[in-house]
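The structure under discussion appears below in the form of structure tokens.
The values are calculated or read from the model by the stated rules, or taken from the named source; none is laboratory data. Just so it is clear, the structure is predicted and the values come from calculations on it, not from any experiment. Cβ atoms come from the backbone with ideal geometry, glycine included; neighbour counts cover every protein chain shown.
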Amino acid sequence: MAEFVGAVDQGTTSTRFMVFDHEGGEVARHQLEHTQILPRPGWVEHDPVEIWERTNSVMQTALRTGDLTPADLAAIGITNQRETTVVWDPRTGRPYYNAIVWQDTRTDSIAAALERAGHGEVIRRKAGLPPATYFSGGKIQWILENVQGVRQAAEQGHALFGNTDCWVLWNLTGGPAGGVHATDVTNASRTMLMLMNLQTLDWDDELLALFDVPRRMLPVINPSSHPEAFGAARSSRPLQAAIPITGVLGDQQAATVGQVCFAPGEAKNTYGTGNFLVLNTGTEPVRSQHGLLTTVAYQFAGAPAVYALEGSIAVTGSAVQWLRDQLKIITSADESERLAGTVQDSGGIYFVPAFSGLFAPHWRSDARGAIVGLARYHTGGHLARATLEAICYQSRDVVEAMERDCGVHLDVLKVDGGVTANDLCMQIQADVLGVPVSRPVIAETTALGAAYAAGLATGFWRDTDELRSHWQESKRWQPRWSPEQRAAGVAGWQKAIARTLDWVPVP
Ligand code: ADP
């Protein structure tokens, strides 16, 4: 009997494979980074072939180190960096161009032109998203317009689009020899091409026309958890046996499932390269009036889609990387805690890491980063502390937008991701929010969520109540600031945000 479920987590910096048991406990894992290709300022690419090779390697090594065989896996789930765009030739399996990563800003003129032409409203209404460089639609359009021969190939059915879930799935299920070209509702909801309403979760002809994307290059959209829709893994070297692939979810939605946010009003905040706060809003999409995205949280087979409001913040943990790699005032990310701990507070300085503009809730591509309030007195300690505070103030802005949009008041914020290893940062988060912050025992919520989606589809797990019973708190931080201290801190942050706006011209 297969005792375990596997999950491929194809992330922005690395790809990992994890294996979980019936209690959601980790049995095996392996992880490999891939190259970040930065051809010009603002451009970020990945090599899809390298990603597929890494996927194979991590599966093979994780199984070997866990002393497992493919027959031990009841099912596999896939989760992925969302929006990152791959276009490839199904006859050969060769990509036409590198993957254009979600952080890439080369499509700023495409997004600005849509807004100028008055199409922003229909994109917001139908897709739940503002026109922005972040999403896949503009990236597909860029490849069609700039890579020779691709538009013609797409019209003839010789070019397929997918996010990296889709690319990995197609390769795992046979590649040129019958690979399955499918994605799930959560990934599709990040393209600006999918119509999101209660009746239809499918590609929308009006949106496709705005981006001039041929429908035949797009994958089939399935529920996130389904016993048959995604085929079986058979072409990967370590997987000689056919293992059903029964779960696919974008990474932030997977973390939402991994954190068992199954009821309306439940939310999680993931602190990685960027921050992503996702609030379950139930089976009807809520339109944000305050700069949040409307997105699909998950859809389990035979059930209606569950929607979410999402606050995406581009730069949080990567600001800590900037202290390490560019300023070199720390040598590792965890040293930020020690350095920030050398001072009692930030000494009145604020650091707004708007390196490529501001995402939620501001959506200002004309903003750039700033450190304000500096005096001769300030040290690296103050800057490190201001960096941690910036992570927390940005999250607070998003929580506030959520409260305004749907009147939900969080009793507790569930957190996960690399930065949550930083106790000081999590304490500041509780202080800035005035709400307790709680981290679960199983920190790998993204891979776990993909495994949950896969295991629910095959009956490995009975229902969401069983999954809920796995969730356990490892640590909780209580707010310590007085309301006056919080109000003063937030007022300073808002002034600092105002200083970053209108800095670079919008194309
Ligand atoms: P991703 O999935 O986006 O690659 P992870 O969840 O692996 O992200 O987290 C990595 C990020 O967390 C990096 O940006 C790193 O700078 C940051 N990070 C890791 N450990 C710490 C720490 N102890 N304190 C602050 N930031 C940290």
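One line per residue, one yes/no per condition, for (1) modelled with pLDDT of 95 or more; (2) outside any strand (DSSP E or B); (3) closer than 18 Å to residue 110 by Cβ; (4) of a type in the set (Phe, Trp, Tyr):
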| residue | (1), (2), (3), (4) |
| --- | --- |
| 167 | yes, yes, no, yes |
| 186 | yes, yes, no, no |
| 199 | no, yes, no, no |
| 207 | no, yes, yes, no |
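Can you name the number of the only condition in (1) under 19 Å from residue 298 (Cα atoms); (2) surrounded by 14 or more Cβ atoms within 10 Å (Cβ to Cβ) that residue 468 fails? Evaluating residue 468 over (1) under 19 Å from residue 298 (Cα atoms); (2) surrounded by 14 or more Cβ atoms within 10 Å (Cβ to Cβ) leaves (2) as the failure.
Against the numbered list (1) at pLDDT 95 or above; (2) over 20 Å from residue 281 (Cβ atoms), residue 441 comes up short only at (1).
Conditions tested, residue by residue: (1) over 21 Å from the mean Cα position of the chain (by Cα); (2) in contact (Cβ under 8 Å) with a residue 24 or more places away in the chain; (3) within 15 Å of residue 4 (Cβ to Cβ); (4) away from the ligand (no atom under 16 Å from the Cβ).
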| residue | (1), (2), (3), (4) |
| --- | --- |
| 420 | no, yes, no, no |
| 426 | no, yes, no, no |
| 433 | yes, yes, no, yes |
| 438 | no, yes, no, yes |
| 447 | no, yes, yes, no |
| 454 | no, yes, yes, yes |
| 459 | yes, no, yes, yes |
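Scanning segment 316-338 for residues that are within 7 Å of the ligand (Cβ to nearest atom), within 21 Å of residue 398 (Cβ to Cβ) and hydroxyl-bearing (Ser, Thr, Tyr) yields one hit, 318. Taking the criterion of being touching an Asp or Glu at 6+ places or on another chain (Cβ under 8 Å) and of a type in the set (Gly, Ala, Ser), the residues of segment 422-466 that qualify are 438, 443, 447, 450.
Do the conditions hold for residue 411, that is, is it in contact (Cβ under 8 Å) with a residue 12 or more places away in the chain, surrounded by fewer than 18 Cβ atoms within 10 Å (Cβ to Cβ), outside any helix (DSSP H, G or I) and in contact with a strand residue (DSSP E or B) (Cβ under 8 Å, 6 or more places away or on another chain)? It is false that residue 411 is in contact (Cβ under 8 Å) with a residue 12 or more places away in the chain, surrounded by fewer than 18 Cβ atoms within 10 Å (Cβ to Cβ), outside any helix (DSSP H, G or I) and in contact with a strand residue (DSSP E or B) (Cβ under 8 Å, 6 or more places away or on another chain). Of all residues in segment 219-235, those that are under 21 Å from residue 71 (Cα atoms) and small (Gly, Ala, Ser) have Cβ atoms under 8 Å from Cβ atoms of residues that are part of a loop (DSSP other than H, G, I, E, B) and modelled with pLDDT under 85, 6 or more apart or on another chain, in 232/242; 233/239; 233/242. Summed over segment 132-145, residues that are surrounded by fewer than 24 Cβ atoms within 10 Å (Cβ to Cβ) and among the charged types (D, E, K, R) total 1.
Kindly indicate whether residue 300 is aromatic (Phe, Trp, Tyr) and more than 15 Å from the ligand (Cβ to nearest atom). In short, yes. Residues to consider are 413, 456, 374; find the one that is among the hydrophobic types (A, V, I, L, M, F, W, C) and in contact with a helix residue (DSSP H, G or I) (Cβ under 7 Å, 6 or more places away or on another chain). It is 413. Of all the residues in segment 361-392, those that are touching a residue at least 60 places away in the same chain (Cβ under 8 Å), assigned to a loop (DSSP other than H, G, I, E, B) and away from the ligand (no atom under 16 Å from the Cβ) number 8.
Determine, yes or no, whether residue 179 is surrounded by fewer than 19 Cβ atoms within 10 Å (Cβ to Cβ), within 25 Å of residue 234 (Cβ to Cβ) and touching a residue at least 60 places away in the same chain (Cβ under 8 Å). No; evaluated as a whole, the condition is false for this residue. When segment 471-486 is filtered for residues that are in contact with a Pro (Cβ under 9 Å, 6 or more places away or on another chain), surrounded by 11 or more Cβ atoms within 10 Å (Cβ to Cβ), in a loop (DSSP other than H, G, I, E, B) and not aromatic (Phe, Trp, Tyr), only 479 remains. Selection within segment 12-23: residues that are within 13 Å of the ligand (Cβ to nearest atom) and surrounded by fewer than 21 Cβ atoms within 10 Å (Cβ to Cβ). The member of this set that is modelled with the highest pLDDT is 14. The set of residues in segment 414-446 that are assigned to a helix (DSSP H, G or I) and under 17 Å from residue 255 (Cα atoms) comprises 418, 419, 420, 421, 445, 446. Among the residues of segment 275-287, is there at least one that is β-branched (Val, Ile, Thr), within 16 Å of the ligand (Cβ to nearest atom), part of a strand (DSSP E or B) and surrounded by 21 or more Cβ atoms within 10 Å (Cβ to Cβ)? Looking for residues that are β-branched (Val, Ile, Thr), within 16 Å of the ligand (Cβ to nearest atom), part of a strand (DSSP E or B) and surrounded by 21 or more Cβ atoms within 10 Å (Cβ to Cβ), one finds at least one in segment 275-287, hence yes. Only one of the numbered conditions (1) farther than 21 Å from residue 252 by Cα; (2) of a type outside the set (S, T, N, Q); (3) in a helix (DSSP H, G or I) is violated by residue 452, and that is (1).
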